Amino acid sequence: MLEKIRPGILLSLLLIPQFIFAESGQDFLRSTGKIYVVVVVICILFLAIVLFLARLDSKIRKIEKILNK
Amino acid sequence: MKNNWWKILGVIILFYVIIVGMIVPLKPGIVDSSPKTVSAGHDIELTIETYNTHLNKAKDLNIFLKFSDDQIISAKSGDIHDYNHLTATFDIPIEIKSETSIANATLIIDNEIDGPALLPKAVFVKDIDKTRSADVWIGDIRPKLHVKDDFAFPYRSVIHETVRNTFFHVAIWMAMFALLIVSVINSILFMIKKDMKYDHISNGFTSVAIVFGLAGIATGMIWAKYTWGAYWTADIKLNMAAVTLLLYLAYWLLRSSIDDLDTKARLAAMYNIFAFVALIPLLIIIPRLTDSLHPGSGGNPAMGGEDLDNTLRMVFYPAIIGLTLLGTWMANLYIRYQKISSELLEREIDSEYS
């Protein structure tokens with residue numbers, strides 16, 4: 001389910017920087033709008049790692065609860 | 001939830017590091033200028049390439065060559081090609097006071113949009129009369145410079161945007177060191193108290209620290225390929241880091257080669273202490289003794305006092321804290337997993353006998 005929405009979310013996030021920063025292309029400078037895409041990508045990858053850790057955490061907690069009963 | 005606040009804190013800090021570390025722009029800088037040498041008394045036309053500048057939009061653009069604090073000349077004419085290319089012509093005087101017979105000058109480009117950018121030793125002047133000083137100097141330019149105070153990372157030649165690597169590659173080594181300190185303290189506690197829980201904790205933290213160290217080497221190798229042209233060089237810091245990591249990999253080998261839990265714990269604790277004691281000279285002391293290609297050289301193997309800007313510090317220190325917290329979370333999970341799997345194993349063995 002999430003896999004289907006994800007490309008849509010990414011695409012709409014890509015559109016936001018284009019409106020905020022009109023200066024791009026020729027006048028390549030501090031913010032071309034494209035670095036924001038990289039930031040979003042890194043954040044998504046990091047979030048995936050964090051969610052994996054959180055899920056592992058809850059699984060171990062469940063087993064600990066059973067063992068300690 | 002009360003006990004897990006530090007995990008969430010680590011995650012939030014790392015999101016801050018990623019976002020701020022990647023979005024904050026660099027200060028303007030000068031990539032290159034040529035030619036580099038000129039004879040005194042002649043003109044020189046410099047072709048200059050800059051970085052992160054709006055040269056074609058600037059209204060108050062000034063170009064200087066600074067031989068010393070009181071010997072500065074301004075360009076007599078200039079031609080702006082686009083936002084980061086220009087040419088400038090200077091009249092180089094003959095009488096330049098200098099300690100050496102070849103004087104060198106810093107190129108300074110300043111405009112009201114970007115602020116000042118400089119390139120040290122941009123021009124070398126030979127055949128100077130170094131005993132006298134000409135009267136063409138323009139005086140103190142500091143009040144004329146448009147010094148900006150927006151938040152931007154420093155521009156460094158060769159390094160450019162990869163200065164952001166400070167927050168990831170360097171921070172991971174620092175976090176590894178923090179985790180190893182925790183693990184060696186637990187090893188010492190195990191040797192004193194012989195309680196198995198200290199062995200579990202030190203195992204978990206050492207394992208995560210080794211993973212961080214491998215990540216540090218891998219990220220360093222990628223950066224090296226694109227900065228120096230090679231994945232590895234005969235550099236003291238790199239080789240010492242490799243030796244240290246090999247020592248710690250031997251810790252994993254040691255643990256897996258012994259079956260008896262008590263012997264394993266004791267030998268592993270002793271080896272851990274030895275490896276940490278070896279790390280101090282290998283990674284911290286020896287690289288400081290020689291110059292090195294790796295950034296932060298001249299007596300300092302990491303980005304130390306002179307390399308770090310206050311702007312970099314604002315993301316670098318949180319990065320270390322965030323990565324240490326993330327590493328602690330990973331160690332915590334590994335330790336709990338070890339505990340429950342050994343607990344389940346015991347129950348299985350018990351149920352077989354009952």
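Structure data summary
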item	result
Qualifying positions in the range B:55-68 - free of Cβ contacts under 8 Å to residues at least 40 places away in the same chain and outside any strand (DSSP E or B)	B:Asn56
Flag if B:Ala224 is assigned to a helix (DSSP H, G or I) and assigned by TED's automatic domain parsing to the domain that holds B:Phe167	yes
Options B:Lys237, B:Lys194, B:Lys225; residue that is in contact with an Asp or Glu (Cβ under 9 Å, 6 or more places away or on another chain) and among the charged types (D, E, K, R)	B:Lys194
Output for the range B:240-275, where each listed residue is under 31 Å from the mean Cα position of the chain (by Cα), farther than 16 Å from B:Val211 by Cα and modelled with pLDDT of 95 or more	B:Tyr271, B:Ile273, B:Phe274
Filtered residue count, the range B:31-43, keeping only those that are at pLDDT below 90 and either surrounded by 14 or more Cβ atoms within 10 Å (Cβ to Cβ) or of a type in the set (Val, Ile, Thr) (or both)	2
Every residue from the range B:168-201 that is closer than 16 Å to B:Leu325 by Cα and of a type in the set (S, T, N, Q)	B:Ser183
Subset of the range B:1-36 that is assigned to a helix (DSSP H, G or I) and of a type in the set (Gly, Ala, Ser) - its residue that is nearest to B:Leu61 (Cα to Cα)	B:Gly21
Selection within the range A:53-69 - at the interface with chain B (Cβ under 7 Å from one of its Cβ atoms) and not charged (D, E, K, R)	A:Leu53, A:Leu56, A:Ile60, A:Ile63, A:Leu67
The range B:149-182, residues that are part of a loop (DSSP other than H, G, I, E, B) and surrounded by 14 or more Cβ atoms within 10 Å (Cβ to Cβ)	B:Ala152, B:Pro154, B:Tyr155, B:Arg156, B:Ile159, B:Phe168
Residue within the range B:94-101 that is in contact with a strand residue (DSSP E or B) (Cβ under 6 Å, 6 or more places away or on another chain) and touching a residue at least 60 places away in the same chain (Cβ under 8 Å) present	no
Qualifying position, being buried (at least 19 other Cβ atoms within 10 Å of the Cβ) and within 26 Å of B:Leu26 (Cα to Cα), among B:Thr87, B:Thr50, B:Thr106	B:Thr50
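The values are calculated or read from the model by the stated rules, or taken from the named source; none is laboratory data. Every value quoted in this text rests on a predicted model; they were computed, and no experiment measured them. Here the Cβ is made from the backbone with ideal geometry for all residues, glycine too, and neighbour counts use every protein chain on show.
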